[in-house]
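A.B. asks: Once you've had a glance at the structure underneath, I'll fire off some questions.
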Amino acid sequence: MHTPLPGLLLLATGGTIAGEAASPDRTQGYTPAAVPVERLLDAVPGIRQRAQVRAEQPYAIGSQHLASSHWLTLAARIRAAQSDPAIDGMVITHGTDTMEETAFFLDLVCARTKPLALTGAMRPSTALGADGPMNLYAAASVALDRRCAQAGPLVVMNDQIFTPDQACKAHTTRTDAFVAREGMPIGVMADGMPHWRQEPGGLARMRPTLAERFHDLPAHLPRVDILAQQVDVDVGIVDWMLSRGARGIVVAGTGHGSIADPLQGALQRAAAAGCIVVRASRVAAGAVHRGASVDDDAQGFVAAGFLPPHKARLLTTLALAAGLGRDAIQALFAQY
Ligand code: ASP
């Protein structure tokens, strides 16, 4: 009996994987987001043998140009695909600069019911040894693996598979740019198939989700800013952020989320006025534990736990959009 191929939705959004350069030796000077989705797919013929592919291009940009409206567009498409019986798995091709944020965003607002893999490339499509085609094939394999149905969005790069909270771009140019912030990838690729070190859905069950709080996605997201603790930091920036409508401020603190006294004072006043102040760290790994190095209870701060500043910002933004207050937001951070 003829078994129909599974349905795969491919959403191409731009980035280096769709980059085009003047010559094959060019790996840095290139035009990103220049190659349309059909050509990306043509470079990986094996995918069409394994799935009925529906290819779409919601936008084509370098991911440094993302606005939250792009995230909301993508989330709406993924949510629709989750309830489309013709789609069994989904792949998003994406610029690598903010891929981990997009994965993290989608993890918070989309149901975890079908496999979803994000991938990209560090070399443009025209380069010698372009990494895009193999990454795309690997991402399709993950998206076609039914064991990933409850795993949430997974980042697939350079034969490694990362959860959205752990995925971290840690090198500016190399093809092995992605690492797990704490520990190891959840799985690896071999001969085009994923091999799991952990049950893919298991870790997702421990992570919070806000999906059921967003029956409809919000049209806009509240403003949350990141502020870097630094020598001679101008504490007036806190008032400026508040005057611009910031409802949350995430501090990229030093060390264990430490903050200089004058800045702490300004942030304490912001927190007293109702702003959600989150302490994260600029350090590459490790957590900011509540009450360590700063008295969060006395200052009215939230501790970011294991999330880096840019993901702490996203969690705060979406939690505020869902109508949560400080204690509930702290409880979310504690789950990572
Ligand atoms: N600037 C590019 C982007 O994030 C880099 C890449 O895709 O690797 O879109």
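A.B. asks: For Ile226, list long-range residues whose amide hydrogen, built 1.01 Å from N in the peptide plane, is under 5 Å from its own amide hydrogen.
C.D. replies: Answer set, sorted by chain and number: Val250.
A.B. asks: Can I ask one more? Residue by residue through region 196-210, what is 3J(HN,Hα) from phi via Karplus (6.51 cos²θ - 1.76 cosθ + 1.60, θ = phi - 60°)? Round to whole Hz and write x for glycine and proline.
C.D. replies: 9, 8, 9, 4, x, x, x, 5, 5, 5, 7, 8, x, 9, 10
A.B. asks: Would you please give the residues with an amide H less than 5 Å from that of Ile276, counting only those at least 5 places away or on a separate chain, with H modeled from the backbone geometry?
C.D. replies: Gly248, Ile249
A.B. asks: So how do 168-181, 213-226 stack up, highest first, on mean other-Cβ count within 10 Å? Present the calculation step by step, with values, prior to reporting the outcome.
C.D. replies: Working: 168-181: 16.1, 213-226: 14.4.
My ranking of the peptides, most packed first, is 168-181, 213-226.
A.B. asks: Further question: Which value in deg cm²/dmol, rounded to the nearest 500, describes the helix-derived mean residue ellipticity at 222 nm for the chain, given -39,500 (n - 2.57) per DSSP H run of n ≥ 4 and division by the residue count?
C.D. replies: About -8500 deg cm²/dmol.
A.B. asks: Skipping prolines and chain starts, which residues have an amide H placed within reach, meaning under 5 Å, of the one on Met157, given they are 5 or more residues away or on another chain?
C.D. replies: Correct list: Phe162.
A.B. asks: Could you go through region 69-74 in sequence order and give the Karplus-derived ³J(HN,Hα) for each residue, using 6.51 cos²θ - 1.76 cosθ + 1.60 with θ = phi - 60°, rounded to whole Hz, and x for Gly and Pro?
C.D. replies: Listing the rounded values in order: 4, 5, 4, 5, 4, 5 Hz.
A.B. asks: Return the sequence-ordered ³J(HN,Hα) values of region 220-230 in whole Hz as given by the Karplus equation 6.51 cos²θ - 1.76 cosθ + 1.60 applied to θ = phi - 60°, using x for Gly and Pro.
C.D. replies: With coefficients 6.51, -1.76 and 1.60, one gets 9, 10, x, 7, 10, 10, 9, 10, 8, 5, 7 Hz.
A.B. asks: Also, I was wondering about something else. Can you give the Rg and Dmax of the chain based on its C-alpha atoms, in angstrom?
C.D. replies: 20.3, 73
Quick note: the coordinates plus some simple rules give every number you see, no bench work behind them. Nothing here was measured: the structure is a model prediction, and the numbers come from that model. Positions of Cβ are backbone-derived with ideal geometry, glycine not excepted, and every protein chain shown enters the neighbour counts.
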